[in-house]
Structures are given as structure tokens and as C-alpha cells.
Amino acid sequence: MLILVILRFSIALVFAAAGVAAFFGYRPIVEELRAVRLGNGYLYLVASANVAGGVLVLAPPTRVPGAILLSLIAAQAVLIHLLVLKRGLVGPVILLGLVILILLQSIGVIA
């Protein structure tokens, strides 16, 4: 139980930090999101979703919607790395697995 709480806080911090870094123009994140070629609006949408998901997953009433949002973001990262960048797939897959673990714990599948 304590491990899942620590994992939830860690994942929230990772996603929120990635969103803030994208807002401030951290080059690796910005370049990966621009590789999709959907413009700056997509960059700000994903950055906002990262921060929102990181905050939502912390509070019990919004934990499930936050975990769903983070799983969608992580799945999108897997697809970008697989189809567009064609490299570095391990990190996003591990992140997706951890977010799914948080989602399963949030809906009560895992105690």
C-alpha cells in the first residue's frame, strides 16, 4: 500500500514536471512534441494535460479521472516513440505500465 502511494506521488511529480518543462521550452520535450507536427497548440495541450493529470491523481475524489488522463498521455507517448520518433520505446512503455498500475489501484482492482 505504501509503495503504491509513493509510486502515485512520484508519477504525479514526473508528469507535472514534464508539463512545466514543456511550458518553459525544455528542448528535448519540445522537439519530441514538435516532431508530431501538430503545432504549438498541441505542445501546450499536452503540457497542460500533464500538469492537470499530475495534480488530479493526488486527490482521492479525482484520482480515477487523473489516472485515466495520465494513461492516455502515456499511451500517446508510446505511439509517438513507436511511429514518429522510432526510438526510445522502453521509457514510455514503463511509464504507461506504472500509470496503469495506479489506475488499477484507484478503481480497487489492486488493494
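Being at pLDDT 95 or above, out of contact with any Phe, Trp or Tyr (no Cβ under 8 Å at 6 or more places or on another chain) and not polar (S, T, N, Q) is not true of A77. Taking each residue of the range 92-111 that is within 15 Å of L58 (Cβ to Cβ) and looking for partners that are assigned to a helix (DSSP H, G or I) and among the hydroxyl-bearing types (S, T, Y) with beta-carbon atoms closer than 6 Å, six or more apart or interchain, yields V99/S71; L103/S71.
Pairs meeting the criteria (first residue in the range 29-53 and exposed (fewer than 13 other Cβ atoms within 10 Å of the Cβ), second residue modelled with pLDDT under 90, beta carbons under 7 Å, at least 6 apart or on different chains) are A35/V84; A35/L85. So which residues in the range 94-111 are under 25 Å from V30 (Cβ atoms) and either among the aromatic types (F, W, Y) or crowded, with 16+ Cβ neighbours inside 10 Å (or both)? Passing the criteria: L95, L96, L98, V99. The set of residues in the range 2-57 being within 24 Å of V84 (Cβ to Cβ) and of a type in the set (S, T, N, Q) consists of N40, S48, N50. Counting residues that are within 17 Å of I107 (Cα to Cα), which helices (runs of 4 or more DSSP H) fully inside the range 1-95 reach at least 2? Once the helices (runs of 4 or more DSSP H) in the range 1-95 are filtered for at least 2 residues that are within 17 Å of I107 (Cα to Cα), what remains is 2-23, 40-56, 63-79.
The values are calculated or read from the model by the stated rules, or taken from the named source; none is laboratory data. Since the model is a prediction, treat every value here as computed from it, not as a measurement. Cβ: placed from backbone, ideal geometry, glycine included. Neighbour counts: every protein chain shown.
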